[in-house]
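Asker: If you scroll down you'll find the structure; I have some questions about it.
The values are calculated or read from the model by the stated rules, or taken from the named source; none is laboratory data. As the structure is a computational prediction, the values presented were derived from the model and not from experiment. With ideal geometry, Cβ positions are generated from the backbone for all residues, glycine too; neighbour counts draw on all protein chains shown. Protein only, heavy atoms only, side chains kept; ligands, DNA and RNA dropped before computing areas. Shrake-Rupley method; radii C 1.70, N 1.55, O 1.52, S 1.80 Å.
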Amino acid sequence: MASPYSKELLLTMYRKMYLIRRFEERAGQQYGLGKIAGFCHLYIGQEATAVGAIEAIRPDDYMLSAYRDHGQPLARGADAGMVMAELFGRGTGYSKGKGGSMHIFDIEHHFYGGYGIVGGQIPLAAGMAFASRYRNEDRVTVCYFGDAAANQGAFHETLNMASKWKLPVIYICENNRYGMGTAVGRTSAVPEMYKRAVAYNMRGEPVDGMDCLKMYETVKDAAEYCRAGKGPVLLEANTYRFRGHSMADPANYRTKQEVEDERKNDPIPKIKDFTLKKKLAKEEEFDAIDEEVKAQVDAAVKFADESPEPSLEELWRDTIVEPGEEDVRPRERVLGMKVKWPSYPSGQELKVTWDLEPREQAEKEDKKAGLAR
């Protein structure tokens, strides 16, 4: 049977996942050498949840994440050297080294950050989706968060609001089975996160987060659903991190055998095997990609290591945006590249074209629920 997926798509998925894997391995190495300070949360094992979703949406769709946030911007096209420089705390990083590992931001590629506050990005994603609807755009917002964040109050408040206003937002819960070092079943009365969607009258479903193609198909369908104005979607991507919660975590709350068993489900060789079996590419092509990615990551580490630290004067810059001040465009600032920068209409150009809560609809819903007097 012929593959429904093109060779270009499959090799792109492989390249991006392999880039994330090698980048994160080198980041872990550099952390051990003292080049990276503070917290550093690696994405090793979870690559398919990022790449499958990113290939399923448009480049101009919005995206936010939690603090395990190196993988998504790399998959969206961020410069690997500048991401590594940000981890190193160097002035050539995306945020001049002032954001660090947990706060990668790449507005050029519509990646609006990693957030250190657990669940902090969840209501922000609803705000971005609200803006899309207010501007009459057909963009969707994709928001990643961990399983432990689903117990935050903001999660429940936001899902209620997103559903009520039918906001075009896809919430992807990356359930890697552990909230830091605690198994999700020990803290959640309902450990299947997607089931929580029913409480807010919204679509919710699980997906194999260790399979890039399944992530691709599920998110592609969810994006079409959102663009059609049908409301938000909650996806539970069942995945697994092969390393500890952060570089400071020895992960002694799980057995060596458990990790070895989960490694058999590695998403990277899985998509390679699929492509080879469909005879869409040859082994030599994957070998070439491997060498290219290794050289790219080596160059990223060298770039970061040779970059200067930010000056002391930078401590007081970029804290307040003055009226009329232009955006700092990171790749133009660091690499001298001319980039296409996002632009948005001002409030003066917008008009409300929809009612948040039509009275007739509210009265109908009350009657249906048996609440009307």
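Asker: Exceeding 29 Å between C-alpha atoms, which entries from my cross-link table qualify? They are 7/195; 195/294; 166/368; 98/302; 278/302. It would help to have the intermediate numbers written out before the result.
Answerer: Numbers: 7/195 35 Å; 195/294 41 Å; 166/368 19 Å; 98/302 19 Å; 278/302 38 Å.
Table pairs above 29 Å Cα-Cα are 7/195; 195/294; 278/302.
Asker: Of the heavy-atom accessible surface of the chain (probe 1.4 angstrom), what whole percent is carbon and sulfur?
Answerer: Numbers: 9600 of 18420 Å².
Carbon and sulfur together cover 52 percent of it.
Asker: Quick one: compute the contact order of the chain, relative version, from alpha carbon pairs under 8 angstrom and 6+ residues apart, as a percent. Numbers along the way, then the final one.
Answerer: Working: 641 pairs, mean separation 81.3, N = 373.
For the chain, the relative contact order is 22 percent.
Asker: What nm distance separates the two modelled labels at residue 313 and residue 6, each placed 7 Å from Cα along Cα→Cβ?
Answerer: 4.8
Asker: Another one. In percent, how large is the relative contact order of the range 41-106, given Cα pairs closer than 8 Å and 6 or more residues apart?
Answerer: That works out to 28 percent.
Asker: Quick check: convex hull of the Cα atoms in the range 234-373, volume per residue, rounded to a whole Å³?
Answerer: Per residue, the Cα convex hull of the range 234-373 comes to 399 Å³.
Asker: Run the numbers for residue 33 and residue 265: contour at 0.36 nm per residue of separation, minus the present Cα-Cα distance, in nm. List each step's numbers first, then the result.
Answerer: Details: separation 232, 0.36 × 232 = 83.52 nm, distance 2.99 nm.
Extending this stretch completely gives an extra 80.5 nm.
Asker: Given charges of +1 on the Cβ of Lys and Arg and -1 on the Cβ of Asp and Glu, with all other atoms neutral, how large is the dipole of the chain about its Cα centre, in debye to the nearest 20? Before the final figure, lay out each step's value.
Answerer: Numbers: 53 positive and 58 negative charges, 171 e Å.
Computed about the Cα centre, the dipole is about 820 debye.
Asker: State log₁₀ I(q)/I(0) for the range 147-274 at q = 0.21 Å⁻¹ as given by the Debye formula over alpha-carbon point scatterers of equal weight, solvent excluded.
Answerer: The Cα Debye sum returns log10 ratios of -1.21.
Asker: Shifting gears a bit: Ranked from highest to lowest mean number of other Cβ atoms within 10 Å per residue, what is the order of the peptides 297-304, 362-369?
Answerer: 297-304, 362-369
Asker: For the range 210-287, taking Cα atoms only, what is the radius of gyration to one decimal and the Dmax to the nearest whole Å?
Answerer: 17.2, 46
Asker: Pairs of alpha-carbon atoms within less than 8 angstrom and 6+ residues apart define the contacts here; what relative contact order does the range 112-176 have, in percent? Don't jump to the answer; show the numbers that get you there.
Answerer: Values: 81 pairs, mean separation 26.9, N = 65.
Relative contact order of the range 112-176: 41 percent.
Asker: Students often check this: by mean Cβ neighbours within 10 Å, which of 319-328, 28-37, 224-233, 113-122 ranks highest, and how do the rest follow?
Answerer: On the way: 319-328: 8.1, 28-37: 14.4, 224-233: 18.5, 113-122: 20.9.
Listed from highest to lowest mean packing, they are 113-122, 224-233, 28-37, 319-328.
Asker: Ranked highest first by the average count of other Cβ atoms within 10 Å around their residues, in what order do 310-316, 213-219, 149-155 fall?
Answerer: Details: 310-316: 10.4, 213-219: 21.7, 149-155: 18.6.
Packing proxy ranking, top to bottom: 213-219, 149-155, 310-316.
Asker: Another question, then. Keeping all protein chains in position, work out how much accessible area residue 124 exposes to a 1.4 Å probe, and write it in Å² to the nearest 10.
Answerer: Result for residue 124: roughly 80 Å² accessible.
Asker: At R0 = 45 Å, how high is the FRET efficiency between residue 25 and residue 195 if r is their beta carbon distance? Nearest 0.05 is fine. Let's see the in-between values first.
Answerer: On the way: r = 35 Å, r/R0 = 0.78.
That pair, residue 25 with residue 195, gives E of 0.80.
Asker: Calculate how large, on average over all directions, the projected area of the Cα convex hull of the range 1-120 is; give the answer in nm² to one decimal. Working shown, then result.
Answerer: Details: hull surface 31.6 nm².
Here the figure is 7.9 nm², rounded to one decimal.
Asker: In the chain, with Lys and Arg counted as +1 and Asp and Glu as -1 at Cβ, which of these residues, 128, 105, 328, has the Cα nearest the positive end of the dipole, that is, farthest along it?
Answerer: Of the listed residues, the answer is 128.
Asker: Evaluate E = 1/(1 + (r/R0)^6) for residue 228 and residue 369, where r is the Cβ-Cβ distance and R0 equals 30 Å; express this FRET efficiency to the nearest 0.05. Don't skip to the end; give the middle numbers.
Answerer: Details: r = 26 Å, r/R0 = 0.85.
Using R0 = 30 Å, I get an efficiency of 0.70.
Asker: Calculate, axis by axis, the spread of Cα positions in the range 87-203 along the three principal axes, and write the results as whole Å, longest axis first.
Answerer: Extents along the principal axes: 46, 43, 18 Å.
Asker: Using a probe radius of 1.4 Å on heavy atoms only, what accessible surface per residue do you get for the chain? Whole Å² is fine.
Answerer: For the chain, the solvent-accessible area averages 49 Å² per residue.
Asker: Under the rule of -39500 (n - 2.57) per DSSP H run of 4 or more residues, summed and divided by the residues of the chain, what mean residue ellipticity at 222 nm is obtained, to the nearest 500 deg cm²/dmol? Kindly include the intermediate steps, with their values, before the conclusion.
Answerer: On the way: 13 runs with 156 residues, N = 373.
The helix contribution divided over the chain gives -13000 deg cm²/dmol.
Asker: Ok, one more. Regarding the chain, what's the average projected area of the Cα-atom convex hull, expressed in nm²? If you can, show how the numbers build up before the last one.
Answerer: Numbers: hull surface 87.7 nm².
In nm², the orientation-averaged hull projection of the chain is 21.9.
Asker: Given the convex hull of the Cα atoms of the range 170-239, what is a quarter of its surface area in nm²? Can you show the working numbers first?
Answerer: Working: hull surface 18.8 nm².
Computed as one quarter of the Cα hull surface, the answer is 4.7 nm².
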